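Contents: one structure, followed by commentary.
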Amino acid sequence: MNLAVKEQCTGCGACANVCPNSCIDMVADEHGFEYPKIDEQKCVHCNLCERACPVGKCDRQTHVGRAYAMMNCDEQERLNSSSGGVFSLISKAVLSENGVVFGAGFDEQLNVRHTFIERVDELYSLRGSKYVQSSVGYCYREVADILKRGKKVLFSGTPCQTDGLKQYLEVIKIPTDKLILVDFICHGVPAPEVWNRYRQFKEVRNDAKIKYADFRSKDTGWKDFSIKLEFENGKCDAIKAWDDLYIGAFLRDLSLRPSCYACPSKGCRKLSDITLADFWGVAESLPEFNDDKGVSLVIANSEKGQHIIDSISHLTIFQEVSFEQAIRHNKSWSESAKKPKMADYFMKNYKTKPFDRVALKCQKKTGVWKFIRALRDKLH
């Protein structure tokens, strides 16, 4: 089958979901990144997997949507969110209409997987950033089944995941008038095995299993967010993101999926209805919003997305901004991560050598340590 080569494959899972004979499995490599494996004995060469693969099928054009700075009026909900709490408002709007919300959440082993919720009291499980590539599994099939029943569906994920779902539904000819796609400005997705190795390192250090993880704790503020880990023995470990071994590797582009260094979803016409992000640089653009509790950048990519944003605006404090203002400090909107020289060394050694030594060595040699600290100061 003529699927994307490994360096381009995003692991979206559209090919596995669309295969009518279930002869494609998404199999994890040594870093936990999933890639399609085809059982040639079962394959009937229908080519649906080729048609469903979104790589190279995105029309490029300039962006024409409207952009906003937004903060949820419910301050506690905003504090519990990574940015300004807008995802929660969109989700609750869909759930109030008996809809279903899909997103990334932790399973019992703290692996990140896509799942769905149908009640507001389950929303906490999908709220917040997870800096690990999630496994989509067969969520696309579940989305299709729910849409067939006439229910509204909100699917949130990385741009490559929402692209994969959109292409999958187009191939199997499922109407998408009741589907809302929400993506975010993506820096790249770290390897699941790097997350596992980091957890093992932390659990040995604290002599207990991790029971809760928050990649974007605001205990130290929104701009100086921390990764917060709670252990079964009652210990709590909170380290500012810029100084943490795991988040540091992520921010320095050491642990990303190969396709993230040439992301096929960058510079494309967004297939999602809404794009969310942190409104970095808000102190410069909108100083009145700068309370260090989180501000969302919200971009409408379709009329459907604009309608949803309008419907929740009364629950927010918001200000429309120019597109130039919106992406000034969000270069990941259009630019892929640049692969540092130490990335190959990091990915080769993080499992076989002491995690802290490998991470520190690579982060200090990336040449961006001082740059990141300067960027942090600028964002204040």
Taking springs between alpha-carbon atoms closer than 10 angstrom, which of Thr115, Thr220, Thr352 fluctuates most in the Gaussian network model of the chain?
Thr352
Any idea how far apart Ala262 and Glu122 come out in nm if each label point goes 7 Å out from Cα toward Cβ?
4.0
Can you give the extra length, in nm with one decimal, that the chain gains between Val5 and Glu75 once fully stretched, where that is 0.36 nm per residue apart less the Cα-Cα distance?
20.7 nm
Classify the range 74-194 from the C-alpha gyration tensor, please: rounded if a/c falls under 1.5, else prolate or oblate depending on whether a/b exceeds b/c.
oblate
Here, Glu50 and Ser334, labelled 7 Å along Cα→Cβ, have an inter-label distance in nm of 3.4
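As a test of the formula, what do you get for the chain when each DSSP H run with n ≥ 4 contributes -39,500 (n - 2.57) and the sum is divided by the residue count, at 222 nm and rounded to the nearest 500 deg cm²/dmol?
Working: 14 runs with 118 residues, N = 380.
Per the formula, -8500 deg cm²/dmol.
Using +1 on the beta carbon of Lys and Arg, -1 on that of Asp and Glu, and nothing else charged, what's the dipole of the chain about the Cα centre, debye to 20?
Values: 56 positive and 50 negative charges, 233 e Å.
For this selection, approximately 1120 debye.
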Between Ala238 and Asp39, what length comes free when the chain is fully extended (0.36 nm per residue of separation minus the Cα-Cα distance, one decimal in nm)?
67.1 nm
Which whole-number value in Å² is the accessible area per residue of the chain, probe 1.4 Å?
45
Just how many % of Cα pairs in the range 11-99 lie over 20 Å apart, if you round to the nearest whole percent?
63
Looking only at Lys148, Lys270, Lys218, which one moves most when the chain is put into a Gaussian network model with springs between Cα atoms under 10 Å?
Lys148
Separation of the Tyr138 and Glu284 label points, Cα + 7 Å toward Cβ, nm
4.8
Taking max minus min of the Cα coordinates of the range 82-138 on each principal axis, largest first, gives extents in Å of 30, 26, 16
What do you get for Rg/Rh of the chain when both radii come from the Cα atoms and Rh is the Kirkwood radius?
0.95
Which log10 I(q)/I(0) values does the range 1-150 give at q = 0.12, 0.16 Å⁻¹ under the Debye formula, counting every alpha carbon as one identical point scatterer?
-0.67, -1.08
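Quick check: at a probe of 1.4 Å, how many percent of the accessible area of the range 1-123 sits on carbon and sulfur atoms?
On the way: 2730 of 6020 Å².
So the carbon and sulfur contribution to the accessible surface is 45 percent.
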Which of the lysines could be linked to Lys209 by a straight reach, that is with a Cα gap under 17 Å, when you skip same-chain ones fewer than 8 residues away?
Lys228, Lys235
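The values are calculated or read from the model by the stated rules, or taken from the named source; none is laboratory data. All of these numbers come straight from a predicted model, not from anything done at the bench. FYI the Cβ positions are ideal-geometry reconstructions off the backbone, even for glycines, and counts take in every protein chain you see. Just the protein is used for accessible areas: all its heavy atoms, side chains included, with ligands, DNA and RNA removed. Shrake-Rupley method; radii C 1.70, N 1.55, O 1.52, S 1.80 Å.
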